[in-house]
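Let me begin by presenting the structure, written as structure tokens, before commenting on it.
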Amino acid sequence: MAPFIVLTLTLFSLVTTSISSSSSSSIVSDFRALISIKQKFHYSNPSISTWNISSDNPNSICSWTGIKCLHNRVISLNISNMALYGSVSPDISMLDSLINLSIDGNNFTGEIRIENMPYLRYLNISNNQFSGSLDWNYSSIPKLEVLDGYNNNFSAYLPVPIGLKNLRHLELGGNYFYGEIPAIYGDLTSLEYLSLSGNDLQGKIPREIGNLTNLREIYLGYYNVYEGGIAEEFGNLVNLVHLDLSNCELDGFIPWELGNLKSLRTLFLHVNRLSGPVPKELGNLTGLENLDLSLNELTGEIPYDFINLKQIRLLNLFINRLHGSIPDFVAGYPKLETLALWMNNFTGVIPGNLGYNQGLLQILDLSSNKLTGTIPKHLCDSNQLRILILRNNFMFGSIPENLGTCYSLVRVRLGQNYFNGTIPSGFIYLPELNFLELQNNMLSGFLPENGKNNQTKLGQMNLSNNYLSGPLPMSLSNFTSLQILLLGGNNFTGPIPASIGELRQVVTLDLSKNLLSGEIPREISECVHLNYLDLSQNELSGSIPQEISNIRILNYLNLSRNHLNETIPQSLASMKSLTTADFSFNDLSGRLPESGQFSVFNATSFAGNPRLCGSLLNNPCNMSAITGPAKKSHSAFKLIFALGLLICSLVFATAAIVKAKSFKKSGTDSWKMTAFQKLDFSVSDVLECVKDGNVIGRGGAGIVYHGKMPNGVEIAVKKLLGLNSINSHDHGFKAEIRTLGNIRHRNIVRLLAFCSNKDTNLLVYEYMRNGSLGEALHGKKGGFLSWNMRYKIALDSAKGMCYLHHDCSPLIVHRDVKSNNILLNSSFEAHVADFGLAKFLVDGGASQCMSAIAGSYGYIAPEYAYTLRVDEKSDVYSFGVVLLELVTGRRPVGGEFKEGVDIVQWTKCSTNCRREEVTRIIDPRLTVVPKDEAMHLFFVAMLCIQENSVERPTMREVVQMLSEFPRRSPELQSSSSSSYQLKSPDEKIRKDLLGYNGASFGITEIYGN
């Protein structure tokens, strides 16, 4: 977090006299100190090369990069963001005239001590990897004004900076400090900025914090878990501008004394367990711009005093137990940008003037309440509205016609209401719209054609279960980005237009339960990414196009209850991806294909077709074609296949022996080792480990060896497979390895070095004593992993993935997330491994256990297999499978399930996607499992494995959900209004939340729509 103080020459002049009169030190001692400091650095930044340690002129240091002098003394050392690593020498304290010390944004490790600097005012050590504590002698740095230690690995009690009467800025967030906040912090009365968020703090927030009346910003939440509530003394912090106590399990009432903070601009208390009414005194905060009280247990109504919040921009009250009507004065907030009140019990109508003279309104989410009335007509008057979500209410009337020209709209969810009338012209063709839900309403009329013939950005459209009629528009071809199209349960008539083949990105297509007629267009085979196709319960006729077999990844095909005739094309039997098919109740005839997937389909899939024949139907066809010679031919084929397999095995075995001999014969002279940190071993030490007796694992990425270095350090060496050609010609691979080697995170397996010669590539990692999660979970001693250990592993590995996705630039997509790529150290702390390598392994021809589209079977996201496109949401799906492994103790695929069934399908079937049913699938080896935690982990997993990648959470949201699991009171859990428990008010809502037709179990229903 950037500090707020800028040192100027004026500040320097304040200490000129003191510095120039110093007799104990000199420019020579500064020179010696800097030489000692540089010797501890490792760097690639050429700027540090100006630090010429061989110079015989100590005064030259004043021209070195990052150094400023005054009166022949070093007063400023600024080496921020120079990609340095190594450690910081204790001799840094010899620079006893320093005023400014900035070493932030590097990769320094180890402990650091800053003492005996009587003039130091500005200290920034943030964004490094420092560990240990900050228990320094603060009386020896008495003039310190800024201390920024953000985002390191400090793990100790919070420091007690006694004697720092001038300290104005204290930032210790993003570390691992534990214990309680010392009450003595209340004596730091000069503080203007205090941040302790993102640690492991506990206990009560001391009332003495209320003594810090000069505070302007305070951040105490995120990962900290406090006891009790918010002290009323916080009402004394009258200069506060920003108050953030979110996400730290505070309970009790919101103190009315917070209404005294007249300077407050931001108040964040979300994701806690606060209860009771919203204090009306908060209406006194007339300068308030951002108010977030979401995800609590607040009751009552929105206070009338909120009429005074004329500066409000963000008002988040979602996921509480608020009731009453939405006050009309909300429509009078002139600067309102976001209004999110979803998942409460609000009744009545939406204020009719909402959006009128509110030129900044961008996000409106009032879903999952009990609202009635119509949609206000002025919502998009300013054409700024991007998100409109009113789903799951009791609203009626027509959709305002002017929404058809609301060109700013990106996301619209109006499903599960009682809207009627027609869809406004142009509404479904809005240029920025990428998500549209209007399902389960009473809409009628035709779908209009797109007169402008422009392509749209729409990725998902759900118009199912309405009364829409007329033909399907030819301009469906404009939806070139569409992935999910759900039009079932309407009254559409006429043929399916041939332009349906233009939907090249569509994954799910449901046109069932309509009155569509004519033949199935052959052009549908051009939807090459199609995975789910439902044309059932229409009036379709003609033959089934054999071109459907060209859709190589089609998984679900339902053509039942139509008037289709002729035979089922034999080519459909070659579709290895087809796991579910239904041809029942048509006029089909002839021989039923019996090879491929058709050999395992149930007879009910073909019922109602009396002229179909085949052994599966107990209706034999003419069998005279089956003769003895055919059986002999089949036996001969088996023999030839077996011989060919034997020959291939011998060839591969010979090649492996030759390769092994050449590997051993190559001397260390031909090897090059690139180290990513200071190492006390050589490439020859590494090569000593690479022998058969040290093998500890094999996989698609390569063979893993265990080794112990001469200094006692244990390492893991991975010999990569399928990368020989890449190493010789692809400099991008080496650059990628260097990037991975510079990654440092507590939950990422550290890459220590990279060794290579012309034939072989070796990666040297830190050794994880307890192996992989897959081995620990699915081995003989899997029951040893207790529930608490599993939950911690889930959270730790989520943090590692979050780092790759959100804190690396550019972000790193893992591409092969699985339990075998999550390693456990001696303390069973999880570390993500093998990230960023899959794209090279696929290109280089890795083992068959890694799929040709990168990833491991059972973990591959649906869209990954269909589109061959990889992004971070594919990783999220795979991580959801890992969470299911932790809950169930089962492997993702294998003999534990029926053929063609994986852990995702089995889980959905066993629980009906209801987290209350999680007890049906919990690992029976576990003896004690808190049901609420199991339900929560299962819930997060189900969010991750949603079919629609857009609906999956980000890894940052996954970490947030796992970290912030709200332990609610028994009263709230039993309440029917507790929508956080996903106990919906009726079965219709439950099906939409948890079933297929609502895009499943969405993160949007819990942490944002």
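For every residue, the table says whether it meets (1) surrounded by fewer than 19 Cβ atoms within 10 Å (Cβ to Cβ); (2) at pLDDT below 95; (3) in contact with a Gly (Cβ under 8 Å, 6 or more places away or on another chain); (4) not aliphatic (A, V, I, L, M).
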{"residue": "I524", "(1), (2), (3), (4)": "no, yes, yes, no"}
{"residue": "E539", "(1), (2), (3), (4)": "yes, no, no, yes"}
{"residue": "I551", "(1), (2), (3), (4)": "no, yes, no, no"}
{"residue": "N555", "(1), (2), (3), (4)": "no, yes, no, yes"}
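Name the one entry in E257, E289 that is more than 21 Å from L341 (Cα to Cα), out of contact with any Cys (no Cβ under 7 Å at 6 or more places or on another chain) and touching a residue at least 24 places away in the same chain (Cβ under 8 Å).
Working: E289 fails: more than 21 Å from L341 (Cα to Cα).
Just a single option satisfies the conditions, and that option is E257.
Output the number of residues of segment 56-113 satisfying the condition of being part of a loop (DSSP other than H, G, I, E, B) and over 21 Å from H42 (Cβ atoms).
Total satisfying the criteria: 8.
Is it the case that some residue within segment 376-392 is closer than 18 Å to N466 by Cα and either among the basic types (K, R) or more than 28 Å from the chain's Cα centre (by Cα) (or both)?
Step one: of segment 376-392, the residues closer than 18 Å to N466 by Cα are 390-392.
Still in the running and either among the basic types (K, R) or more than 28 Å from the chain's Cα centre (by Cα) (or both): 391.
Yes, segment 376-392 contains a residue that is closer than 18 Å to N466 by Cα and either among the basic types (K, R) or more than 28 Å from the chain's Cα centre (by Cα) (or both).
Is it the case that L559 is farther than 15 Å from S605 by Cα, out of contact with any His (no Cβ under 8 Å at 6 or more places or on another chain), of a type in the set (A, V, I, L, M) and free of Cβ contacts under 8 Å to residues at least 60 places away in the same chain? If you could, list the steps in order and put the result at the bottom.
Details: farther than 15 Å from S605 by Cα: no; out of contact with any His (no Cβ under 8 Å at 6 or more places or on another chain): yes; of a type in the set (A, V, I, L, M): yes; free of Cβ contacts under 8 Å to residues at least 60 places away in the same chain: yes.
No: the conditions fail for L559.
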request  = Sort out for me the strands (runs of 3 or more DSSP E) sitting completely within segment 345-423 that have 1 or more residues that are surrounded by 19 or more Cβ atoms within 10 Å (Cβ to Cβ).
outcome  = 345-349, 363-365, 370-372, 387-389, 411-413, 418-421
remark   = Per the filter on segment 761-817, residues charged (D, E, K, R) and closer than 30 Å to P924 by Cα are R769, E775, K780, K781, R790, K792, D796, K799, D816
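Residues of segment 255-277 being touching a Ser or Thr at 6+ places or on another chain (Cβ under 9 Å) and crowded, with 19+ Cβ neighbours inside 10 Å, which ones?
Keep residues of segment 255-277 that are touching a Ser or Thr at 6+ places or on another chain (Cβ under 9 Å), which gives 262, 268-273, 275-277.
The answer is F268, L269, H270, V271, N272, S275.
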ask   = When you go through (1) over 21 Å from the mean Cα position of the chain (by Cα); (2) modelled with pLDDT of 75 or more one by one for A861, which number turns out not to apply?
value = (1)
ask   = Out of all the residues in segment 588-607, is one or more surrounded by 16 or more Cβ atoms within 10 Å (Cβ to Cβ), in a loop (DSSP other than H, G, I, E, B) and of a type in the set (S, T, N, Q)?
value = no
ask   = Within the set of pairs 6 or more residues apart or between chains, which connect a residue that is farther than 15 Å from D187 by Cα and in a strand (DSSP E or B) inside segment 213-224 to a residue that is at pLDDT 95 or above and aromatic (F, W, Y) with Cβ atoms less than 6 Å apart?
value = E217/Y193
note = Within segment 49-78, residues within 47 Å of the chain's Cα centre (by Cα), modelled with pLDDT under 85 and surrounded by fewer than 18 Cβ atoms within 10 Å (Cβ to Cβ) come out as S49, T50, N52, I53
remark   = When (1) modelled with pLDDT of 90 or more; (2) in contact with a Leu (Cβ under 6 Å, 6 or more places away or on another chain) are applied to A846, the one that fails is (1)
request  = Quick one: count up the residues across segment 668-681 that are closer than 20 Å to F41 by Cα and either assigned to a helix (DSSP H, G or I) or in contact with a strand residue (DSSP E or B) (Cβ under 9 Å, 6 or more places away or on another chain) (or both).
outcome  = 8
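Does segment 797-805 contain any residue that is under 17 Å from L884 (Cβ atoms), surrounded by fewer than 21 Cβ atoms within 10 Å (Cβ to Cβ) and not β-branched (V, I, T)?
Within segment 797-805, the subset under 17 Å from L884 (Cβ atoms) is 797-798, 801.
Filter once more, so that each one left must be surrounded by fewer than 21 Cβ atoms within 10 Å (Cβ to Cβ): none.
No; the residues of segment 797-805 include none that is under 17 Å from L884 (Cβ atoms), surrounded by fewer than 21 Cβ atoms within 10 Å (Cβ to Cβ) and not β-branched (V, I, T).
Answer with yes or no whether S246 is under 17 Å from W342 (Cβ atoms), in a loop (DSSP other than H, G, I, E, B) and within 31 Å of the chain's Cα centre (by Cα).
Numbers: under 17 Å from W342 (Cβ atoms): no; in a loop (DSSP other than H, G, I, E, B): yes; within 31 Å of the chain's Cα centre (by Cα): yes.
Taking the combined requirement at face value, the residue does not satisfy it.
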ask   = Pick from S574, S589, S560, S599: which is of a type outside the set (D, E, K, R), out of contact with any Phe, Trp or Tyr (no Cβ under 6 Å at 6 or more places or on another chain), on the phi < 0 side of the Ramachandran plot and modelled with pLDDT of 90 or more?
value = S589
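Within the bounds of segment 1-19, is there any residue that is in a helix (DSSP H, G or I), among the hydroxyl-bearing types (S, T, Y), in contact with a strand residue (DSSP E or B) (Cβ under 9 Å, 6 or more places away or on another chain) and modelled with pLDDT under 85? If you could, list the steps in order and put the result at the bottom.
In the first step, residues of segment 1-19 are kept if they are in a helix (DSSP H, G or I); the result is 9-14, 16-19.
If we keep only those that are among the hydroxyl-bearing types (S, T, Y) too, we end up with 10, 13, 16-18.
Then keep just the ones that are in contact with a strand residue (DSSP E or B) (Cβ under 9 Å, 6 or more places away or on another chain); that gives 13, 16.
Next, only the ones that are modelled with pLDDT under 85 stay: 13, 16.
Within segment 1-19 (the criterion being in a helix (DSSP H, G or I), among the hydroxyl-bearing types (S, T, Y), in contact with a strand residue (DSSP E or B) (Cβ under 9 Å, 6 or more places away or on another chain) and modelled with pLDDT under 85), the answer is yes, since at least one residue qualifies.
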task = Starting from residues that are touching a residue at least 24 places away in the same chain (Cβ under 8 Å) and charged (D, E, K, R), keep the ones in segment 917-950 and report whichever is surrounded by the fewest Cβ atoms within 10 Å (Cβ to Cβ).
result = R925
ask   = What are the residue pairs meeting all of these: first residue in segment 268-283, first residue more than 16 Å from L220 (Cα to Cα) and in the same structural domain as N296 (by TED's automatic domain parsing), second residue of a type in the set (D, E, K, R) and surrounded by fewer than 23 Cβ atoms within 10 Å (Cβ to Cβ), Cβ atoms under 6 Å, and 6 or more apart or on different chains?
value = S275/E297; K280/D305; G283/D305
query = Can you tell me which of N175, N151, N199 is surrounded by 15 or more Cβ atoms within 10 Å (Cβ to Cβ), on the phi > 0 side of the Ramachandran plot, in the same structural domain as L215 (by TED's automatic domain parsing) and within 26 Å of the chain's Cα centre (by Cα)?
reply = N151
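The values are calculated or read from the model by the stated rules, or taken from the named source; none is laboratory data. The model shown is predicted, which means the values in this text are computed figures rather than measured ones. Glycine gets a Cβ as well: all are built from the backbone with ideal geometry, and neighbour counts include every protein chain shown.
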